[in-house]
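Notes follow the structure.
The values are calculated or read from the model by the stated rules, or taken from the named source; none is laboratory data. Every value quoted in this text rests on a predicted model; they were computed, and no experiment measured them. Using ideal geometry, Cβ is built from the backbone for each residue, glycine included, and neighbour counts are taken over all protein chains shown. When the accessible area is computed, the model is the full protein with side chains, heavy atoms only, and any ligands, DNA or RNA have been set aside. Shrake-Rupley method; radii C 1.70, N 1.55, O 1.52, S 1.80 Å.
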Amino acid sequence: YTILSKVHSDRNVYPSAGVLFVHVLEREYFKGEFPPYPKPGEVSNDPITFNTNLMGYPDRPGWLRYIQRTPYSDGVLYGSPTVENVGKPTIIEITAYNRRTFETARHNLVINIMSAEDFPLPYQAEFFIRNMNVEEMLASEVLGDFLGAVKNVWQPERLNAINITSALDRGGRVPLPINDMKEGVYVMVGADVPFSSCLREVENPQNQLRCSQEMEPVITCDKKFRTQFHIDWCKISLVDNTKQVSTFQEVIRGEGILPDGGEYKPPSDTLKSRDYYSDFLITLAVPSAIALVLFLILAYIMCCRREGVEKRNMQTPDIQLVHHSAIQKSTKELRDMSKNREIAWPLSTLPVFNPVTGEIVPPLHTDSYDNTSMPLMQTQQNLQHQTQIPQQQSAGQYW
């Protein structure tokens, strides 16, 4: 594609300082500068975007804002000129981009800010409209309807829109794309008469309490806005510049120089010695003494309060002690076998007490006896200490 650039003649506008300025960048105005390339029978609807900046600078002035939702909608320059720029022409460079053909078209917008001293608006009220976006509110018919509703409530002789600000520029959140939710917009208007009783109703203690509880305040004139504009009355701001000016004049500003406090006097070189013995006792001796007492109490409980083996054996039945002794001996034999795999099988299979009387049978050999050559199964001749179990004889007699 060949990128072409065309420059139009300058356009002059004459806004007033302190009054809302709105300038619409119409797509239809720039469509004629881009040659159409559609197929025969098709209507050209190219996407067009705009870039605006102050001549010689990369961005716009601080009071001027720009918005364009989609490439198929018009762009809008809006803002409230300041008194500092009165008499100084502000040249805004507007560049239109054709996103289909990559062509550009430029022209300059010369903003000549006029003085507004003949129309002072000391009483200003800022409304927050929840069901509007900023580009919807900037439309002339919508803004006219809102100013008409405010005029019916306020009844001023002169009423002007001072500024319009999106809620996103005030730290608001981006709304969810459901139920056609709006981001909200702040609209500031000014008048030459004091605020009406309806606008003052927001300052009532009852309404202030309802606002603190996130409830809707009771405003008598809300029905004049409710048909088209949903106003959040808890966020309304009423500014009386006549009182602020008198308060500002009473402020006495200093020269910015601190009073003389005299010469600097450093502390004396001779410092008193400090005894740290008490600090040592508090930080080390006291915790150590407490730990020692706790240690003695624990030692007494663990060592001096034990029942002992003799008391345990006296309270335990003999048959249970025998079983426990047999288990210990069997465990010892298994440990001995683990040291030498070639020794004979353990004698744990032999009875350790008389199966009839329950008397303890002494072991055949002592623990030091060498039983490596002892056979696994002992014969009846070797078991002299075992009691033979009576065998049944004929005719039901025993011997």
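Taking H as built 1.01 Å from N, whose amide H comes closer than 5 Å to the amide H of Asn131, not counting residues under 5 places away?
His230
Can you tell me the accessible area per residue over the stretch 11-113, all protein chains present, probe 1.4 angstrom, in square angstrom? Before the final figure, lay out each step's value.
Values: 5300 Å² over 103 residues.
Here the per-residue accessible area is 51 Å².
Considering only the other residues whose Cβ falls under 13 Å of the Cβ of Tyr66, what net charge follows from Lys and Arg at +1 and Asp and Glu at -1?
Details: positive: Arg60, Arg65, Arg69; negative: Asp59, Asp74, Glu93, Glu135, Asp169.
Its environment carries a net charge of -2.
Can you flag which of Lys182/Lys243; Lys182/Lys224; Lys31/Lys151; Lys88/Lys151; Lys88/Lys224; Lys151/Lys182 are past 29 Å Cα-Cα?
On the way: Lys182/Lys243 35 Å; Lys182/Lys224 21 Å; Lys31/Lys151 39 Å; Lys88/Lys151 33 Å; Lys88/Lys224 41 Å; Lys151/Lys182 25 Å.
With Cα atoms farther than 29 Å apart: Lys182/Lys243; Lys31/Lys151; Lys88/Lys151; Lys88/Lys224.
Quick one: 3J(HN,Hα) in Hz for the stretch 161-166, Karplus 6.51/-1.76/1.60 with θ = phi - 60°, rounded, Gly and Pro as x.
Taking θ as phi minus 60°, the curve returns 7, 8, 7, 10, 9, 6 Hz for the stretch 161-166.
Using a 1.4 angstrom probe on heavy atoms only, work out the carbon and sulfur share of the accessible area of the stretch 123-240 in %.
Values: 2970 of 6090 Å².
The nonpolar share, carbon plus sulfur, comes to 49 percent.
Pairs of alpha-carbon atoms within less than 8 angstrom and 6+ residues apart define the contacts here; what relative contact order does the stretch 123-240 have, in percent?
42 percent
At a 1.4 Å probe, what is the % contribution of carbon and sulfur to the accessible area of the stretch 11-113? Write out the running numbers ahead of the final one.
On the way: 2770 of 5300 Å².
Carbon with sulfur: 52 percent of the solvent-accessible area.
Going highest first, how would you order 175-182, 189-196, 234-241 by mean Cβ packing within 10 Å? Walk me through the numbers on the way to the answer.
On the way: 175-182: 9.9, 189-196: 18.2, 234-241: 14.6.
The peptides rank, most packed first, as 189-196, 234-241, 175-182.
For Glu310 and Glu84 in one chain, what is 0.36 nm times their gap in residues minus the Cα-Cα distance, to one decimal in nm? Don't skip to the end; give the middle numbers.
Numbers: separation 226, 0.36 × 226 = 81.36 nm, distance 10.60 nm.
That pair, Glu310 and Glu84, stretches by 70.8 nm at full extension.
Residues with amide H under 5 Å of Ile162's amide H, sequence separation 5 or more or different chain, H placed in the peptide plane at 1.01 Å from N; which?
Leu20, Met188, Val189, Gly190
Tell me whether the stretch 123-240 comes out rounded, prolate or oblate; compute the Cα gyration tensor, take square roots of the eigenvalues as a ≥ b ≥ c, and use a/c under 1.5 as the rounded threshold.
On the way: a/c = 1.70, a/b = 1.14, b/c = 1.49.
Verdict is oblate for the stretch 123-240.
Over the stretch 11-113, calculate the relative contact order: mean separation of alpha carbon pairs under 8 Å at least 6 apart, over the residue count, as a percent.
Values: 192 pairs, mean separation 39.9, N = 103.
Relative contact order comes out at 39 percent.
Could you check what % of the DSSP bridge pairs in the stretch 11-113 are antiparallel, to the nearest 5?
Details: 24 of 27 bridges.
Beta bridges within the stretch 11-113, antiparallel portion: roughly 90 percent.
With a 1.4 Å probe and all protein chains left in place, how much accessible area per residue does the stretch 123-240 have, in Å²? Please report the intermediate quantities before stating the final value.
Values: 6090 Å² over 118 residues.
Spelled out: the 1.4 Å probe surface of the stretch 123-240, per residue, equals 52 Å².
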